[in-house]
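> One structure coming up, written as structure tokens, with questions to follow.
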Amino acid sequence: MASSLSAIPHLIIMSAEFITGITVNGFLVIINGKELIKSRKLTPMQLLCICIGISRFGLLMVLMVQSFFSVFFPLFYRVKIYGAAMLFFWMFFSSVSLWFATCLSVFYCLKISGFTQSYFLWLKFRISKLMPWLLLGSLLASMSIAAVCMDVGYPKNMNNNDFLKNATLKKTELMIRPINGVLLVNLALLFPLAIFVMCTFMLFISLYRHTHRMQNRSHGVRNASTEAHINALKTVITFFCFFISYFAAFMANMTFSIPYGSQCFFVVKDIMAAFPSGHSVIIVLNNSKFQQPFRRLLCLKKNQ
């Protein structure tokens, strides 16, 4: 078992994030799954929630397994945790979670923003039909990234003690090549990040234009559209914070340069686990259809 005192708060934080994430993402899957059984169809938002819930559930399981072995079985962690199977699932769920979050930001942007350009209106009126294809494309892109990462061959080099010591120039070059390969593959995730940033920026512009227009017409009185803009913007900005923090921690972790068992090592793991838990909590709290069922689930009915 890891002897560092930093492992104790890490276990507490990871356990809290894991329980929260499993509860919230399980709720998203179950509540929308019941709707599918009941009505035999799903809205784009409900379909998104099911996909997000399943992907976050898988990501949390992978991160929890990594965390468990890093604390209690450090030797196994160093030797086996980056094997082909675990690496594939980690890369797949990480990628698909980011892609699904991007699809959600695109959905918010198209449904709420008030742009009138022809291409924007074309997407706006067809997003419901395009959403299943966007989700399928996200799934295929994530599987491709995960499959490519398996061919990098990093685990074999990781387990060679002479290699880790960089005894020769040849071994040093072997270390640099797979690290660059892993990072290069994961730089593909900059594409969904760029789309996410663009959608956030467009919501900012749309909100500014709408607010300015309403102030000129009704002396600053807010209407339903303004409230929808503000709520969507708050949600997307929160998503953005989780998105950026996970992406940064994930890329830092994939360099394998952070000392094992250090405070930074455990902080990076905690940050990564916050994304699949916190992101889904915000989805539930900002959707009026989910609030009451979620309160009933937690036995938090209002006393009225």
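The values are calculated or read from the model by the stated rules, or taken from the named source; none is laboratory data. Remember, predicted model here, so these are calculated numbers, not experimental data. FYI the Cβ positions are ideal-geometry reconstructions off the backbone, even for glycines, and counts take in every protein chain you see. Accessible surface areas use protein heavy atoms only, side chains included; no ligands, DNA or RNA. Shrake-Rupley method; radii C 1.70, N 1.55, O 1.52, S 1.80 Å.
> How big is the gap, in Å, between the Cα center of the stretch 268-287 and the Cα center of the stretch 1-66?
9 Å
> Modelled label-to-label distance, Y119 and L297, 7 Å Cα→beta-carbon offset: nm?
The two pseudo-label positions are separated by 3.9 nm.
> Would you mind checking the pairs K124/K289; K124/K269; K111/K269; K34/K124 and listing those with alpha carbons more than 32 angstrom apart?
From the list (K124/K289; K124/K269; K111/K269; K34/K124), the Cα-Cα distance tops 32 Å for K124/K269; K111/K269.
> Evaluate the relative contact order of the stretch 1-134 (contact order divided by residue number), counting alpha-carbon pairs under 8 angstrom at least 6 apart; express in whole percent.
26 percent
> Can you give the accessible area per residue of the stretch 1-138, in Å², using a 1.4 Å probe?
Accessible area per residue: 48 Å².
> How big is the accessible area of K234 in square angstrom, nearest 10, if you roll a 1.4 angstrom probe over the protein chains?
My reading of the accessible area for K234 is about 120 Å².
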